[in-house]
1. Return the whole-Å distance between the Cα centroid of the stretch 72-86 and the Cα centroid of the stretch 425-476.
2. So, with a 1.4 angstrom probe, what is the percent of accessible area on the chain that is carbon and sulfur?
3. State whether the stretch 231-292 is rounded, prolate or oblate according to the following rule on the C-alpha gyration tensor (a ≥ b ≥ c being the square roots of its eigenvalues): a/c under 1.5 gives rounded; otherwise a/b larger than b/c gives prolate, and the remaining case gives oblate.
4. With an 8 Å cut-off on Cα pairs and a minimum separation of 6 or more residues, tell me the relative contact order of the chain in percent.
5. Using the structure shown, select from LYS170/LYS445; LYS327/LYS445; LYS407/LYS445; LYS70/LYS445 the pairs with a Cα to Cα distance greater than 30 angstrom.
6. Using the per-residue mean of other Cβ atoms lying within 10 Å as a proxy for protection, in what order, highest first, do the peptides 134-141, 203-210 fall?
7. Loop only by DSSP, 11 or fewer other Cβ within 10 Å of the Cβ. Give me the chymotrypsin sites (Phe, Trp or Tyr not before Pro) in the stretch 232-340 that pass, ordered by residue number.
8. Any idea what diffusion coefficient the stretch 279-417 gets from Stokes-Einstein, in µm²/s, Kirkwood Rh on alpha carbon pairs, 4 °C, 1.567 mPa s?
Amino acid sequence: MKKLFLSCIVVYVVIGCFSSSPIRMMELKPIPSSVDWNRRNEESAKILRDLIRIKSVRSNELEVVLYLQKLLQKEGIPSKIYASKEHPTRANLVAVLEPSRPSGRKGIILGNHIDVVEADASEWSVPPFEGRIVDSRIYGRGALDMKGLAVMQLTAFLELKRSKIELDRKVMFLALADEESGSMFGARYMIREHSDLFKDYEWMLNEGGVATKDVGIPGATIFNIQYAEKGNLWLKLKAKGTSGHGSVPIAEYSALNLIRFYEKVLEFDTSIRITDETSTYFYQLGSAAPFPTSFFLKNASNPLIRPLLSGTLRKNKHLSAMTTNTKAITGIRTGEGDGYNVLAGETFGKLDVRVLPGFDTLEYAEKIREIAKPFGIEVEIFDEIGPDLSPLDDELFQILANVSVSKIPKSVAAPFLSAGKTDNARFRRIGIRCYGLNPAILEAKDTETLHGKDENISLENLKLGSMILFETLYRFAGP
């Protein structure tokens, strides 16, 4: 330890400590609000349980928005449902609180999605679509992703109205369909067919980041606020070859060619890269870590430090995804009905590629095509969208960060680059500054329930998230 300490001192003298915190600490004066959050949380819990019971697995969002619309009507808040004629059950909901006085300032959107992924009931300890409360936790598919966050947003939205907050900009509640399957009937549809709805808005609070405790840094609570996303490239693959009998395999056939291509593409471009987008994240982790770990994290982007961190980064799947261009094999199949003893003439595959900021997704696809050529693999782009980000010096980001850490002593807010895509990527492309945070504080075991078994949210987290979002909105859009 003594040698390591001396090494840190030497490196510090040689390279200096160049990074700085992206978070501006703000003086948060108490807000004049007397909300009974315990009572509000009882209401929030009921709403969330009701939403979980509406089985909107990649479908049936209309039933969810009709439920939400009734709640808004009781509060005297008008809303409108939007859906294509071809897919009327894939519905979206828009409700707006108007400003009390004209200010010319652009509005803020509370964006969420109301579809969920599948749940295998045989894996769960409780039924996934009943919204049961067990040990002060609400269990069910969507409890975290993302009906729970939608309810936090709705609670904060309703409280702005109930508390008669004098807004100086518009606040929109936007419930979207189809996020889990590519947003064709949700964000993409709304932006393509109803873009005028968003012309008076410049900010969005959505998903994409979570708060964590004892994850990565023991004892630390980190509010991971998403402000950037990797590029997304989904590729359809087709391998051709001579069909034949499985008992006398030839040197090359379609399935083998695809497997060999997969091996090559997984070996391609595996370097660790700490970009500007991730160096700020590591700096904030360093603020919560003890020395000497803090030193290395705060200087992660320095070429002298980076090699010392690469082993640690590769061992953690989340940190590895943040610092590499990833390729994942997500499918391989031959034709329908092919037997065990048949060498298929065609084999089909899928590849999920995620690239860091600074890379062009279309150029990356061409590099993969070059790797595929020797194996006779046809590569077709199924879906593509490049990396995106919103500014860190933005007022909304700074308010959200400061409000979040004010609720938990010694917690830290960190600007997060997410490996997965959210609807933020679509809205950033029309000029909306998007920041993603589910303010529920999750431990490692909780994060594994996202899209997994026994997804749940604690009642305390539901209340905390509602409070953070309400206070953020008050400070950003209030008097």
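1. Going from one Cα centre to the other spans 23 Å.
2. In the chain, the share of accessible area belonging to carbon and sulfur is 53 percent.
3. prolate
4. 25
5. Too far apart for the 30 Å limit: LYS170/LYS445; LYS70/LYS445.
6. Details: 134-141: 18.9, 203-210: 25.5.
Per-residue mean Cβ counts within 10 Å order the peptides as 203-210, 134-141.
7. Those satisfying the criteria are TYR340.
8. Answer from the Stokes-Einstein relation: 69 µm²/s.
The values are calculated or read from the model by the stated rules, or taken from the named source; none is laboratory data. Everything numeric in this text was worked out from a predicted model, so none of it was measured. Every residue, glycine among them, receives a Cβ derived from its backbone with ideal geometry; neighbour counts consider all protein chains shown. We work out accessible area using only protein heavy atoms, side chains counted, and drop any ligands, DNA or RNA first. Shrake-Rupley method; radii C 1.70, N 1.55, O 1.52, S 1.80 Å.
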